[in-house]
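For reference, the structure discussed in these notes is given below.
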Amino acid sequence: MESLLKGIAEYTLVSEELKSELETRFETQFISKNEILLKENAYCNYFYFLEKGLIRSYFLKDGKERTYWFYDQGNFFTSWYSFYLKMPGFETFEAIEDCHLYRISKDNFDDFAQESPRFERFARLFIEGQCGYIDYVTKNFMDLTAKEKYHQMLESMPDIEQRAKLGQIASFLGMSQETLSRLRGQK
């Protein structure tokens, strides 16, 4: 729970009252390696914090898995489209490692944000940051060379090659496994 509290404290002051409320509203969840947390076309009713482990989100394109993102410990995540717009999600979330998560339901999240100015501040500032980051990645990543994408990934996720499969990383970077292998050889 300490990591969750630290994550929220990056956006707002965590008083004893807020800490106590967070401890009652967030519930613990454990999932095993290779277990599916959320399937494509399902509604995502939870906002998550990853205490330990690695989660991959992917979608199917032309019958092939395309890795959308990796979420590492210390990250908040959800199926953004599904959670905020209450629509079926287009991605699947899979545990790459055994995971320890904290989660809060959409209804509880919304009620808490309405009742607690501190939690509302966290929720607002967090999603503003996510929108900015997603905008940056989608606009910047498209124009990078394969080598630049690879190095940028290593800067933000230095141990990803030891934790995820080569094919998952290659699909995340939008390149073939052969191209990724060549780039890894040039390190």
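The values are calculated or read from the model by the stated rules, or taken from the named source; none is laboratory data. Quantities reported herein were computed from a predicted structural model and do not represent experimental measurements. Cβ: placed from backbone, ideal geometry, glycine included. Neighbour counts: every protein chain shown.
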Q. Restricted to the stretch 33-46, and to residues that are in a loop (DSSP other than H, G, I, E, B) and touching a Lys or Arg at 6+ places or on another chain (Cβ under 9 Å), which residue is surrounded by the fewest Cβ atoms within 10 Å (Cβ to Cβ)?
A. N45
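Results for (1) under 24 Å from M153 (Cβ atoms); (2) hydrophobic (A, V, I, L, M, F, W, C), shown as yes or no for each residue.
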residue	(1), (2)
E10	yes, no
T28	no, no
K33	yes, no
N45	no, no
F49	yes, yes
L54	yes, yes
S57	yes, no
D62	yes, no
Q: Taking the options T145, T92, name whichever one is β-branched (V, I, T), at pLDDT 95 or above and farther than 26 Å from I8 by Cβ.
A: T92
(Q) For the stretch 11-43, which positions are under 17 Å from the mean Cα position of the chain (by Cα) and charged (D, E, K, R)? (A) K33, E35, K39, E40
Q. Residues of the stretch 60-97 being more than 13 Å from the chain's Cα centre (by Cα) and within 18 Å of L166 (Cβ to Cβ), which ones?
A. K64, E65, R66, E97
Q) What residue, among those in the stretch 149-166 that are modelled with pLDDT under 90 and of a type in the set (S, T, N, Q), is surrounded by the fewest Cβ atoms within 10 Å (Cβ to Cβ)? A) S156
Q.
Can you report the number of residues in the stretch 111-128 which are free of Cβ contacts under 8 Å to residues at least 12 places away in the same chain and either over 23 Å from D72 (Cα atoms) or surrounded by fewer than 13 Cβ atoms within 10 Å (Cβ to Cβ) (or both)?
A. 7
Q | Residues located in the stretch 57-67, provided they are surrounded by fewer than 16 Cβ atoms within 10 Å (Cβ to Cβ) and either touching a residue at least 24 places away in the same chain (Cβ under 8 Å) or under 17 Å from G89 (Cβ atoms) (or both) | A | F59, L60, K61, K64, E65, R66
Q: Please identify the pairs in which a residue from the stretch 140-159 that is part of a loop (DSSP other than H, G, I, E, B) has its Cβ atom under 8 Å from the Cβ atom of a residue that is among the acidic types (D, E) and surrounded by 13 or more Cβ atoms within 10 Å (Cβ to Cβ), counting only partners at least 6 apart or on another chain.
A: M157/D72
Q | Only listed residue being buried (at least 19 other Cβ atoms within 10 Å of the Cβ), among the hydrophobic types (A, V, I, L, M, F, W, C) and within 25 Å of Q162 (Cβ to Cβ), chosen from L54, L18, L22 | A | L54
Q.
Looking only at the stretch 3-27, how many residues end up being charged (D, E, K, R), within 29 Å of Y58 (Cα to Cα) and either touching a strand residue (DSSP E or B) at 6+ places or on another chain (Cβ under 9 Å) or part of a helix (DSSP H, G or I) (or both)?
A. 3
Q. Here are F49, F30: which of them is loosely packed, with under 15 Cβ neighbours inside 10 Å and part of a strand (DSSP E or B)?
A. F30
